[in-house]
Structure formats: structure tokens, C-alpha cells
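K.L.:
Below is the structure I would like to discuss, written out as C-alpha cells.
The values are calculated or read from the model by the stated rules, or taken from the named source; none is laboratory data. Computed from a predicted model, the values in this text were never measured in an experiment. Note that we place each Cβ from the backbone using ideal geometry, even for glycine, and neighbour counts take in every protein chain shown.
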């Protein structure tokens, strides 16, 4: 069978899809797995096993319709026995349906854009399939079960996303750490960025965390991925004595940096989920989003939640922003002490 996965974005969501991808690659009846991604997130698919064929579409480029049409024509020429829409949006459902093959999608009760359910076979989730990893695995299994529309008898187990050892070895570059001036030094990555305004921790809290790390003989390293993130990271590093990365890292350098960190601290973002998939300890900060839905699970991962009465709201903007300001630096440093051996 040839299978196409449609998961266009974003960074962390693609990482959450890795267990579903592993499920497909492990099936003997699956001969080819293809993946459709938004061109802005093509870099994330560098973490995929080589067996996966990646296609991209520039929906935010200057000519989105032309890009979509070219991509659809390519995918229709390949031909698929089933298409899996893990995105659950109208745009992903339309792209999936245009490929001309049966489309399996997310449970209608979980869709953000309900109209997407009209274009595909909805996959029923068990009430305890609460984590997105479980849900993506459920959709990946849909073409192989008698009736994906029926309520499952039991939940699917959570499986931690993991980057394959062969992929990690492909990116191994001993010169990266020397070039960054870190070498064998102990450091902690503080990721102050976030795709949503509501996922960002107050500046004063980050400064206190950075200074606390220095007091624990850990170098606080501030990465960034955009000009806005760079400006914030630059200010935090300057005001706290931390280290600003000199450039935006490509995937190879980013994997090396995260793998050798003592821990990675930040909100519910792609870098945090990539770090967890690499086996690095993480301390995730939860305000507008929910740890039960998307947090890395296991003893190496701490979740710090403010739990305001209004949350989790899953809002990108808020006029009464209290959740992330409710997280204290002391809580984060307590987690650092628990995870990092001195």
C-alpha cells in the first residue's frame, strides 16, 4: 500500500506525529509512505527516516494556488491507497481530498474546523485518547481496521516521539559545539520564543531563571528562530549574563545543541518537543495550552502549570493574560535541581 500523510504544520505538531509515522513504517503491507508539509516547515522533516518521501506546498508563498495545483498533480501521479489528514483543517482536508484517494481524518468532535469532516472518513477516538500522539496514531491505524467510524474498545497507548538513531548519526557534527564556544561545558537551553503571544513567559521571569542557572554553574543559552525572537533573546542574555546564540541554527546544529544540553526550558513549542524526542530532559511551561494534550511524558520531563480558572483556553491572544505570569522562576529552578546533577 502507498500511504500519504498530510500534516502541513507546525514544528511541534510534526514531532508529535512521529509515533504515527513509525506505526506506518512498521506495517508490512505498507510499501511507501509519503508526507505533505507546508514549505515553511520542510526543515522539520529532515528528522524523518530516509524511507519517507516528502512533498511540500507553499501555501504562504506568493502563488499559493499554483503551488497547491502543482503539488496535487504530482501526488495524483504517485497514487495512494489511503490519505491520512492529521491536520484537521479545511485547507488540509481539501488538499487530501484532491489527491483522489480515500481520506481518513480526525474525529469530528476534535476538529477545529468542522467543515473539514465533510471531506473525509472521520476516525473515532476513544474518550481516553486525549493526547495528540494517541490521536495521530489512531488516524494512522484507520485504513487497516474494519470500521474506523466505530468507537474503539480501548485507548491507544501513548508512545513517546523519538528521532531515530540513524537520523541523529547523520547530523553528528563535533565541530558545532566548539564553534559555539560550548565544548564540554554544562549548559541549559532557555527557549524564550513561542508561536503564540500567550505562550510567552514574562521577561523578568526569564532573567531570574537565567541568573539561577548561572548560580548552579550552568550556562544559560538563548536560541532564536526569527528576528523578533532574536531581539528578545538578545535582551534576556544581556540582562542576565546568559549566552545568545550568534545565528539561527540549522537542523543539524540544533539537534547537536539540544542533545548535549543538561535540560531545555520553554513553553509548548517545537524546540521543546524536538528536545524531548532526542532524549533530553525538558521543563515545559503551560498556560493557554494543556499538558494532558501535548506534553512530553516520562520521568525526564517536568510540567509547570499555572492552572488559572480560565485555562486552558487555547487562545493565541488574551486581554486578561494571567496564566504565564503565574509561573514563578523558583518553580522552574526547582525542576532544574531535580533533573540536573551537579
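K.L.:
Only one residue in 9, 31 is within 28 Å of residue 250 (Cα to Cα) and in contact with a strand residue (DSSP E or B) (Cβ under 8 Å, 6 or more places away or on another chain), so which one is that? Full working, then the answer.
P.N.:
Values: 31 fails: within 28 Å of residue 250 (Cα to Cα).
Just one listed residue meets the conditions, 9.
Condition check ((1) in a helix (DSSP H, G or I); (2) surrounded by fewer than 19 Cβ atoms within 10 Å (Cβ to Cβ); (3) outside the structural domain of residue 195 (by TED's automatic domain parsing); (4) free of Cβ contacts under 8 Å to residues at least 24 places away in the same chain) across all residues:
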{"position": "247", "(1), (2), (3), (4)": "no, yes, no, yes"}
{"position": "252", "(1), (2), (3), (4)": "yes, yes, no, no"}
{"position": "256", "(1), (2), (3), (4)": "yes, no, no, no"}
{"position": "272", "(1), (2), (3), (4)": "yes, no, no, no"}
{"position": "276", "(1), (2), (3), (4)": "yes, no, no, no"}
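K.L.:
One residue is enough: does the range 118-129 have a residue meeting the conditions touching a helix residue (DSSP H, G or I) at 6+ places or on another chain (Cβ under 8 Å) and within 30 Å of residue 340 (Cβ to Cβ)?
P.N.:
Looking for residues that are touching a helix residue (DSSP H, G or I) at 6+ places or on another chain (Cβ under 8 Å) and within 30 Å of residue 340 (Cβ to Cβ), one finds none in the range 118-129, hence no.
K.L.:
Only residues that are buried (at least 24 other Cβ atoms within 10 Å of the Cβ) and assigned to a loop (DSSP other than H, G, I, E, B): list them for the range 1-30, please.
P.N.:
Hits for the range 1-30 are 7, 17.
K.L.:
Can you tell me which of 37, 33, 44 is in a helix (DSSP H, G or I), buried (at least 19 other Cβ atoms within 10 Å of the Cβ) and modelled with pLDDT of 95 or more? So that I can check it myself, show each step before the final result.
P.N.:
Details: 37 fails: in a helix (DSSP H, G or I); 33 fails: in a helix (DSSP H, G or I).
None of the others qualify; the one that does is 44.
K.L.:
Got a sec? Which of 120, 87 is at negative phi and without any contact (Cβ under 8 Å) to a residue 40 or more places away in the chain? Talk me through it step by step, then tell me what you get.
P.N.:
Details: 87 fails: without any contact (Cβ under 8 Å) to a residue 40 or more places away in the chain.
Of 120, 87, the one residue that is at negative phi and without any contact (Cβ under 8 Å) to a residue 40 or more places away in the chain is 120.
K.L.:
So for the range 54-71 (the condition being within 20 Å of residue 162 (Cα to Cα), surrounded by fewer than 20 Cβ atoms within 10 Å (Cβ to Cβ), modelled with pLDDT of 95 or more and touching a strand residue (DSSP E or B) at 6+ places or on another chain (Cβ under 6 Å)), does at least one residue qualify?
P.N.:
Of the residues in the range 54-71, the ones within 20 Å of residue 162 (Cα to Cα) are 54.
Of the ones still in play, those that are also surrounded by fewer than 20 Cβ atoms within 10 Å (Cβ to Cβ) are 54.
Restricting the remaining residues to those that are modelled with pLDDT of 95 or more gives 54.
Remaining after also requiring touching a strand residue (DSSP E or B) at 6+ places or on another chain (Cβ under 6 Å): 54.
Yes, that holds for at least one residue.
K.L.:
Given the criterion out of contact with any strand residue (DSSP E or B) (no Cβ under 8 Å at 6 or more places or on another chain) and closer than 30 Å to residue 254 by Cβ, identify the matching residue among 90, 15, 3. I'd like the intermediate steps shown before the answer.
P.N.:
Numbers: 90 fails: closer than 30 Å to residue 254 by Cβ; 3 fails: out of contact with any strand residue (DSSP E or B) (no Cβ under 8 Å at 6 or more places or on another chain).
Exactly one residue qualifies, and that residue is 15.
K.L.:
Out of 160, 140, 172, 165, report the one residue that is over 30 Å from residue 320 (Cα atoms), surrounded by fewer than 16 Cβ atoms within 10 Å (Cβ to Cβ), under 21 Å from the mean Cα position of the chain (by Cα) and touching a residue at least 60 places away in the same chain (Cβ under 8 Å).
P.N.:
Working: 140 fails: surrounded by fewer than 16 Cβ atoms within 10 Å (Cβ to Cβ); 172 fails: under 21 Å from the mean Cα position of the chain (by Cα); 165 fails: touching a residue at least 60 places away in the same chain (Cβ under 8 Å).
Answer to the check: 160.
K.L.:
Scanning for something in a loop (DSSP other than H, G, I, E, B), touching a helix residue (DSSP H, G or I) at 6+ places or on another chain (Cβ under 7 Å) and free of Cβ contacts under 8 Å to residues at least 24 places away in the same chain, does the range 295-315 turn up at least one residue?
P.N.:
Yes - at least one qualifying residue is present in the range 295-315.
K.L.:
Further, regarding this structure: Spot the failing condition for residue 288; the list is (1) in contact (Cβ under 8 Å) with a residue 60 or more places away in the chain; (2) in contact with a strand residue (DSSP E or B) (Cβ under 8 Å, 6 or more places away or on another chain); (3) buried (at least 22 other Cβ atoms within 10 Å of the Cβ), and only one is missed.
P.N.:
All conditions are met except number (2).
K.L.:
In addition: State the number of residues belonging to the range 256-285 that are in contact with a strand residue (DSSP E or B) (Cβ under 7 Å, 6 or more places away or on another chain) and more than 19 Å from residue 242 (Cβ to Cβ).
P.N.:
Counting residues in the range 256-285 that are in contact with a strand residue (DSSP E or B) (Cβ under 7 Å, 6 or more places away or on another chain) and more than 19 Å from residue 242 (Cβ to Cβ) gives 3.
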